[in-house]
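Right, one structure below, let's go through it.
What follows is calculated from the coordinates using simple rules that are stated; it is not laboratory data. Given the structure is predicted, the values throughout are model-derived calculations rather than measurements. Positions of Cβ are backbone-derived with ideal geometry, glycine not excepted, and every protein chain shown enters the neighbour counts.
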């Protein structure tokens with residue numbers, strides 16, 4: 001097994017990881033970044049990004065991540081493909097093991113593994129992802145102004161997405177697989193009072209229709225077993241996100257949903273020298289710009305830690 005020693009190991013790419021790499025490598029710290037199983041993170045499955053500062057005409061998500069990677073590489077960050085398969089934070093020596101048989105000893109570790117949206121596991125959903133299917137209304141709602149869309153889910157996230165979209169679109173179909181919502185009472189009332197939101201109870205999407213873009217859905221009622229076709233232009237999946245933090249179980253403090261717990265106002269975890277950034281610790285905002293901001297924070301926290309130890 002090959003052994004490598006670095007100042008900073010960054011686990012995961014995307015806006016948080018690449019921003020952290022820009023800062024640490026520019027500060028003269030020997031930086032190694034492992035891209036993970038989805039290099040570039042969720043933005044690689046996002047088409048047009050129009051809400052990130054600095055791109056007045058918008059930019060494609062994958063292209064934006066290429067720019068981030070190039071900028072990190074410009075300052076000397078070692079960016080490598082592959083996964084970190086396990087970590088050992090049980091002593092003051094921080095150790096990680098990669099799937100390409102490397103043992104990395106790091107003075108500090110920045111976690112930027114992100115989170116993955118939960119999907120319905122439909123073939124049509126994956127085929128039309130980024131072509132009318134989205135997991136982020138704040139990111140993509142603008143593209144559906146004046147059109148009809150659907151939101152799938154019954155929790156607070158789905159309610160927030162539906163309410164947000166109701167301000168932009170012509171109509172929102174809220175597809176809920178049970179006969180009740182899991183959202184908070186106040187959110188449920190707001191949904192039911194909104195004339196632009198039509199709720200379909202006990203219903204699931206059987207198919208998302210369209211070739212090059214979404215043009216409708218086929219839903220089935222779980223009680224009556226009757227199906228119905230609805231014409232629309234967008235489908236927003238809002239059944240939750242899963243943080244990519246499995247390898248940190250029993251190593252770091254995680255909340256009940258698996259997000260890394262950090263000290264408020266910082267990226268500090270319960271292990272000295274280990275910092276968490278981006279969607280791996282943020283279940284509220286989940287935006288590229290906030291992820292990049294926390295990547296900067298993680299880098300500055302790591303730089304400060306190394307200087308003091």
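Annotations
- Cα-only Debye scattering, segment 119-237: base-10 log of I(q)/I(0) at q = 0.13, 0.14, 0.15, 0.22 Å⁻¹: -0.43, -0.50, -0.58, -1.29
- Look at 43, 300 and count the other Cβ atoms within 10 Å of each Cβ; fewest to most, that gives 300, 43.
- Degrees, to the nearest 10: 156-166 long Cα axis against longest axis of the chain: 60
- Take every pair of alpha-carbon atoms less than 8 Å apart whose residues are at least six positions apart; their mean separation over the length of segment 125-271 yields a relative contact order of 24 percent.
- Footprinting exposure proxy for 83, 1 (fewest neighbouring C-beta atoms within 10 Å first): 1, 83
- Among the listed values (i) 34, 21, 19; (ii) 39, 20, 17; (iii) 29, 24, 17, the one matching semi-axes √(5λ) of the Cα gyration tensor in Å as calculated from this structure is (ii).
- Using a cutoff of 8 angstrom between alpha carbon atoms and counting only pairs six or more residues apart, the relative contact order for segment 209-309 works out to 16 percent.
- Among beta bridges that DSSP assigns inside segment 115-235, antiparallel share in %, nearest 5: 45
- The simple spin-label model puts a point 7 Å past each Cα toward its Cβ; for residue 123 and residue 221 those points are separated by 2.8 nm.
- Over the C-alpha trace of segment 1-92, radius of gyration and Dmax come out as 14.3, 48 angstrom.
- Helix 288-307 and the longest principal axis of the Cα set of the chain meet at an angle near 20°.
- Of all DSSP beta bridges in the chain, antiparallel share, percent nearest 5: 45
- Long-range Cα-Cα pairs in segment 31-167 (distance over 21 Å), rounded percent: 56
- Cβ-to-Cβ counts within 10 Å put 78, 282, 179 in ascending order as 179, 78, 282, the fewest first.
- Degrees, to the nearest 10: 14-26 long Cα axis against longest axis of the chain: 20
- Relative contact order computed over the chain (Cα-Cα under 8 Å; 6+ residues apart), in percent: 21
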